[in-house]
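Report on one structure; see the data block that follows.
Nothing in this text is a laboratory measurement; each read-out follows from the coordinates by a stated rule. Owing to the predicted nature of the structure, the values given are computational and were not obtained by experimental measurement. Here the Cβ positions follow ideal geometry from the backbone for every residue, glycine too, while neighbour counts run over all protein chains shown.
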Amino acid sequence: MPKRTDLKKILVIGSGPIVIGQAGEFDYSGSQACKALREEGYTVILVNNNPATIMTDPESASRVYIEPLVPEILEKIIARERPDAILPTVGGQTALNLAVELARSGILARYGVELIGASHRAIEIAEDRLLFKETMERAGLAVPRGSLVRSLEEALSLAKTLTYPILVRPSFTLGGEGSGVAHKEDELRAVVQRGLELSPVHQVLLEESVIGWKEFELEVMRDRGDNVVIICSIENFDPMGIHTGDSITVAPAQTLSDREYQKMRDWAIRVMRAVGVETGGSNIQFAVNPLDGRMLVIEMNPRVSRSSALASKATGFPIAKIAAKLAVGYTLDELPNDITKKTPASFEPTLDYVVVKIPRWNFEKFPGAKTTLTTQMRSVGEVMALGRTFKEAVQKAIRSLEIGQPGLGGDDELLLAPELIRDYLERPNPKRIFSIYRAIHGGASIEELARWTGIDPWFLTQLEEIAHLERRLRVQNLESVSAELLLQAKRFGFSDAVLAKIFRTSESAVRAKRLEHGICPVYKRVDTCAAEFEAQTPYLYSTYEADESEAAPTQKKKVVVLGGGPYRIGQGIEFDYCCCHAAFALRELGYEVIMINCNPETVSTDYDTSDKLYFEPLTLEDVLNIVDVERPDGVIVQFGGQTPLNLAGALREHGVPIWGTSPEDIDLAEDREKFALVLDELEIKHPRSGIAFSVEEAFRVAEDIGFPLLVRPSYVLGGRAMAICYDKSDLAHYIEEAVRVSPAQPVLIDEFLQDALELDVDAVSDGQDCVIGGILEHIERAGIHSGDSCCVLPPWTLSEEILDQVRSVTKQLARRLHVVGLMNVQYAVQNGKLYVLEVNPRASRTVPFISKATGVPLAKIAAKVMAGMTLTELGLCEEPKVKGVHVKAPVFPFDRFLIDPILGPEMKSTGEVMGSAETVGEAFAKTQLSLKSRLPTEGTVFISVNDRDKPAIIPIARALRALGFTLMATRGTAQFLRAVGLPVRPINKVSEGHPHIGDAIRAGEIQLVINTPSGKRAHHDEVAIRIGAVKHRVPYVTTVEGARVLVEAIRSLKSGLLRVYALEEFH
Amino acid sequence: MAILALEDGKIFRGRACGAHGVLCGEVVFNTGMTGYQEILTDPSYAGQIVCMTYPHMGNYGVNSEDVESARPWVSGFIVRELSQRFSNWRGQMDLERYLHEHNIIGVCEVDTRALTRHIREKGAMRGCLSSFDSDPDELIARARCAPTISEYNWVHEVSCTEPYEWAGGEIKSESRHDVHIVVVDFGVKRSIVRQLGARARRVTVVPAFWSAEAILDLQPDGILLSNGPGDPAILRDAIATARKLIDAERCPIFGICLGHQILGLALGARAYKLKFGHRGANQPVKNLLTNRIEITSHNHGFALTDLPSAVELTHINLNDGSIEGFRHKRLPIFAVQYHPEASPGPHDAHHLFDRFIELALAPSAHYAQAH
Ligand SMILES: Nc1ncnc2c1ncn2[C@@H]1O[C@H](COP(=O)(O)OP(=O)(O)O)[C@@H](O)[C@H]1O
Ligand SMILES: Nc1ncnc2c1ncn2[C@@H]1O[C@H](COP(=O)(O)OP(=O)(O)O)[C@@H](O)[C@H]1O
Ligand SMILES: [Mg+2]
Ligand SMILES: [Mg+2]
């Protein structure tokens, strides 16, 4: 069937900000879908409030709306654009749920808009746990025993008919949100209550637990002709009970015989038909009993998902793109297979390599959070690696993670009685694979390990083989080791770094030895068909094979762009956005662009973003190997965040041509001590600072700088382990407990600029001229990480003379650091004086936001500058004028960790949203609108602030009164506000006994919480309040400035009508 | 150090992991990711050296159920990595031991992708496989003087010598149709007989060299010409027999793989050798009558062309447009080049057996309607 001609305009819904369970993969699927639809000549309207996405680029859609993803706003956009159809299947759970709301509320009917990709009915069946269960049973497919409940009472009575442990799974949530296992009644109460709260429809499924069974996923596609194909099978290394998003996963399935696999395939096809997903891709999860093969259907997601993004990268089959084309009526046989060009898309990819995905967690940023992995996903990113064997792939994946572990092996002390780490084996946790490996060395048997971990013996055996080879390596050294053994080590995936540890030598020595023996990797292609047909797209991975390399380097002028590696807090999608733009720009200039990255959730690893894709770890070893083969004219390290930047020096030492700002100047900016001297030399103000190698020294430094202080270990990046010390006891505590200072690990101590206003500036320089891209004024005071503060563009309170000072200092710095490309400067303004906090000689988190707001593609311009063009040639001669007001607000994952959500100098947010309007209040309101905890326009506000903030809170409290809110406060604050004549209802602190504020929050009596931390280590009282707010989705602010704009936002919300704007209306 | 030497002089090295010895055969590759035991025991692979493109083989071991005949038929097995340990509740023995016990030369640690690409470029060719560190030139020489696939009649080796009845398997006979199907065994896979046995009350398997008369004396309601190894063109007797069976107009005939080719040749089509064949479980076949696409299991190195006017084309391969099935315009005769019985592979085409039984139940109707 050809494409539909009755459709002209299609609205694509994005997935919004990056949150746990819904990350960059949906930018990948969304931008692919948009591209596919435009290719077909449809007018594409896009809505997504995440500015750091390729899909929100002007090139992706005819009109882009960076607007909140809520029904009332969508209705406005629909009314304005009158699309014929909505594609809700490429924007994750967000888009899917939004589509359901639009359908239920009759908006779709009113405007005659059709859902394509998945019908309302199909979505309901797939996402409503009960409907799904019933549908499966009707289709004769087995599901876990259990049933749906709408209240705690129901749950408790149902529980009597089930046997513990019982699994609780809410409807219409993602990433296992609100799900959990209950081993006894009181646990059940807790999990069910939370599950009911988190489910948008307040339903949870209680079912028999099959924890410990094997977990599988199939990625399935169906077209209008009812043709169904399986794109990829995925086997979870970790058993049922650990969310697939938190599991190490492997493609293809490894331990199913053809009989079992085909049965699963048959079931998947029946699921598709039963649920009635007419076109597009779906993800179906199965549980299999390892003892008898009994199989159960766990769930289906009637949309492209995290796993389908992974499957696309793992197979080379572009699921989202094809899904979009099927949605407009094509059948699979009418679409070509992009990779072979000659064969159609109506086939099932077959692999001749193994793919391993490992999640990346950030628990270290959430002290106190339990690291046990459960049915609720908590990883913030992932890496994927390809190898010819599982052993090779898993080793590559581990070193791609950038967690200081260049692979399995090389541990100092080997022998470790399994019993000692039994708990680490039985309790699923981020480091479990390392524990298993050590337990094997310690003599644990595969049977024991399988019993303790629930991991299939086949996988454990692979790890055992790696361990056995390590034993053979350990009795050798670099001189004695034979070429054969060394080669086998490489075939087993051992990195040079790990071998260096084993041989007690340096990585470069291992590399030298390797090259001396002529042992270097070959590159094989990902071609969807195991070489049966010729691959037209160069999508490669490294492996150690004797016979043949398919790298086929060209003689063209070429440049390598280093990606950012796995997403993690502090280094997210913004950097992938910049890498993609670098690729686009350099292709425009006629370069062959070679991308290196290992993150499957990215657009940069889409095989048509660059000319050539190497899906490889971003380690020195792996990058050098590629450089040796490709011999590029330049390597770009500025766009992928800290990851490539940290490689710059070492690459330069190996004679690799680095484009843009030189490694020397990068070091000058990155090394805080050297940089301080630069600032002094330029007579630029900066916080006084010192360094301490011992507690005594720290106190001495503190003496002459004076409290409060900002302290951080010298070796960390991304604001890790930074803290503010208000007095000696803070400092002592920090140094003794937090970082354990030592001569090897000194702490940097800065004067903490109190009540200072913070600015973020992004600029681009060609070595001669420097142009400011934008100046962002933070709403929160300095002391809250730039990535966690709300920013306003253009600045709204700063005087012109300060701004001019900012401009000239920025240009001064660019010149002094010989910046070629992008530069980010963070400033603080205290009592009208300007201080420089730091310079990042690279693309920053705020570049995409500024580009969206101003329409100036900073990253592209920077890339061209690095290629030798001047800003004048590129026509960027002055700072872009900003139309309207643009606010960037962070999104936090506290609801997943349930720890104190206060903000500080260490970044905690996973993503951001953008709001654009005429006023700050309106723009800010837009950023808050689509958050899970919606801003109230009426009700009760609870206020409890520290003494320093009390004066500042008065006007805020007044304004809230004026807006009709009731005020509630803890005693101190209550008295204070009463004293200025404000009616306030006092309420107990938690410590003062029931009924206290905690009860009030739980009872839903509070609509907004304003609570500023009392400076020092937080009192458990405050903590209880804030965690309560997070748990029960009550909006909260922890800073006075935040409260101030919040009031503005509420005011504009009450005034009704938020206007929607297409992005270009601001350009 | 084991060696594979190809007739064009190309050498691939690996490690011996099965029985020891030296032998020659046609080197082909299979792109299926599962089903190695079915492949090893599929008589259609008789005399061939099979390279598996998926690197890990033996993960789930071998068992007594997933066999397509009494013993393995491939003569050499080339893989990237053989699992040291298998894991599956049905697994009974590891693959390496199985290869030893059935005296199959296995070679692992081979760059199977490079080998596959070579065959894709140069076409399937003869090779000589040695589990020893033999002299490559000698092996090349041996490969060159080995018989080609078209010079040796493998059907004689794989076909049963005595007729036998299929016991029926799990399904109760009441729930099966009261028809008698005769399977002409050119190297039939058990799954074909199983599929028939699940539907027909009586299934008789007869040797390939049986005459048409002998076959018809069994009073069949339907005749199935099975899959099998080698080049159809050299099976003159079988083609003649097929011709007689067609002309007899006694009952519906269903051809699968080699059976499809034999029927085609009997009806006047031509067969030719594909460059490197279709061997895998992911081949898209389009049914031209319904426009439905089926993902199918393939194992053939030859294909039909120039179909006579008496038949109409019903299935094509969407990858290369080759003929995958036809039916007779007048008679209840149809055939497919691929494997509806799957094993290994997707079950999308099982319905063809239902179709065959329907025809067997009321052939006259179809003759009538066809006229
Ligand atoms: N009945 C069950 N017994 C044990 N574990 C389960 C069961 N159902 C689901 N799980 C686990 O919970 C995880 C999340 O469940 P799922 O329904 O996929 O949540 P989501 O739809 O939010 O991804 C699954 O990946 C699986 O590991
Ligand atoms: N001297 C200081 N006074 C006040 N706040 C500071 C000071 N130095 C840093 N900060 C705060 O800490 C945050 C993180 O510090 P920064 O040097 O930017 O680390 P990172 O490299 O992680 O961005 C800044 O965004 C700022 O809010
Ligand atoms: Mg789900
Ligand atoms: Mg910073």
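Taking other C-beta atoms within 10 angstrom as a stand-in for reagent exposure, A:VAL394, A:VAL887 fall in the order A:VAL394, A:VAL887, fewest first.
Above 20 Å, the calculated P(r) of segment A:153-228 contains 40 percent of its Cα-Cα pairs. For the pair A:SER482 and A:ARG150, a Förster radius of 56 Å applied to the C-beta separation gives a FRET efficiency near 0.25, rounded to the nearest 0.05. Calculated FRET efficiency, B:GLU312 to B:ASP135, Cβ-Cβ distance, R0 = 56 Å: about 0.55 to the nearest 0.05. Taking 1 over the mean of 1/r across every pair of different Cα atoms in segment B:234-308, what Kirkwood radius in Å do you get? Value: 13.7 Å, from the Cα pair sum.
A dipole drawn for segment A:78-175 from +1 and -1 charges on Cβ atoms has a positive end, and of A:VAL143, A:ILE116, A:GLY175 the residue lying farthest that way is A:VAL143.
Measuring from a point 7 Å past the Cα of A:MET869 along Cα-to-C-beta, which residues in segment A:592-628 have an amide N at less than 18 Å? Counting only backbone N, you get A:592-594, A:610-611. Per residue, the convex hull around the alpha carbon atoms of segment B:1-137 comes to 86 Å³. Ordered by the count of other Cβ atoms within 10 Å of each Cβ, fewest first, A:TYR353, B:TYR272 give B:TYR272, A:TYR353. Each of A:ALA853, A:GLN805, A:PRO841 was placed along the dipole of segment A:773-890 (beta-carbon charges, centred on the mean Cα), and the one lying farthest toward the positive end is A:PRO841.
Enclosing the Cα atoms of segment A:626-707 in their convex hull gives a volume equal to 142 cubic angstrom per residue. Around the Cα centre of chain A, unit charges on the Cβ atoms of Lys, Arg, Asp and Glu (plus for the first two, minus for the last two) sum to a dipole of about 2080 debye. For segment A:137-276, the Kirkwood hydrodynamic radius comes to 16.5 Å, computed from all pairs of different C-alpha atoms.
Using every Cα-Cα pair within chain B, state what percent have a distance larger than 37 Å. When all Cα pairs of chain B are counted, 19 percent exceed 37 Å.
Quotient of the Cα radius of gyration of segment A:907-1053 and 2.2 N^0.38 Å, N being its number of residues: 1.00.
Based on the Kirkwood radius over alpha-carbon pairs, what value in µm²/s does the Stokes-Einstein equation return for the translational diffusion coefficient of segment A:292-422 at 20 °C and 1.002 mPa s? Stokes-Einstein gives a translational diffusion coefficient of 116 µm²/s. Measuring max minus min along each principal axis, the C-alpha atoms of segment A:793-904 give extents of 51, 34, 31 Å (largest first).
Taking Cβ atoms as reference points and 11 Å as the exclusive limit, the residues near B:LEU6 contribute a net charge of +1, counting Lys and Arg as +1 and Asp and Glu as -1.
For chain A, the 222 nm mean residue ellipticity estimated from helices alone, with every DSSP H stretch of n ≥ 4 adding -39500 (n - 2.57) and the total spread over all residues, rounds to -10500 deg cm²/dmol.
Neighbouring Cβ atoms from other chains, within 10 Å of the Cβ of residues in B:80-93, number 6 on average. Legend: calculated FRET efficiency, A:GLU72 to A:TYR164, from the Cβ-Cβ distance at R0 = 35 Å, rounded to 0.05, equals 0.25. Once the chain from A:SER729 to A:ARG978 is taken as fully extended at 0.36 nm per residue, the excess over their C-alpha distance is 86.2 nm.
With the convex hull drawn around the C-alpha atoms of segment A:396-453, the volume per residue stands at 82 Å³. Applying D = kT/(6 pi eta Rh) to segment A:210-368, where Rh is the Kirkwood radius over alpha-carbon pairs, T corresponds to 20 °C and eta to 1.002 mPa s, the Stokes-Einstein value obtained is 132 µm²/s. Between the residues B:SER173, A:HIS1020, A:PHE347, the greatest Cα displacement towards the positive end of the dipole of the protein assembly as shown, with unit charges on the Cβ of Lys, Arg, Asp and Glu, is found for B:SER173.
Ratio of Rg to Rh for the protein assembly as shown: 1.00 [Cα atoms; Kirkwood radius as inverse mean 1/r over pairs].
Averaged over peptide B:275-285, the number of partner chain Cβ atoms lying within 10 Å of each residue's Cβ comes to 4. The lysines within cross-link reach of A:LYS674, meaning a Cα-to-Cα straight distance under 18 Å and a gap of 8 or more places when in the same chain, are A:LYS685.
Each peptide in A:554-562, A:474-482 gets a packing score, the mean of other Cβ atoms within 10 Å over its residues, and the list from highest to lowest is A:554-562, A:474-482.
Simple spin-label estimate for A:GLU137 and A:GLU683 gives 8.2 nm between the two label positions (7 Å along the Cα-to-Cβ direction from each Cα). Rounded to two decimals, the Cα-based Rg/Rh of segment A:333-399, with Kirkwood Rh, is 1.19. Relative to the Cα centre, the charge distribution of segment A:987-1037, modelled as +1 at Lys and Arg Cβ and -1 at Asp and Glu Cβ, gives a dipole magnitude of about 240 debye.
Under the convention that each Lys and Arg Cβ holds +1 and each Asp and Glu Cβ holds -1, the size of the dipole of segment B:54-150 around its Cα centre is about 340 debye. Each residue in B:THR41, A:THR89, A:THR910 was given a count of other beta-carbon atoms within 10 angstrom of its own, and listing them fewest first yields B:THR41, A:THR910, A:THR89. Please report the antiparallel percentage of DSSP beta bridges with both residues in chain B, rounded to the nearest 5. Percentage antiparallel, nearest 5: 55. The DSSP beta bridges internal to the protein assembly as shown are antiparallel in roughly 65% of cases.
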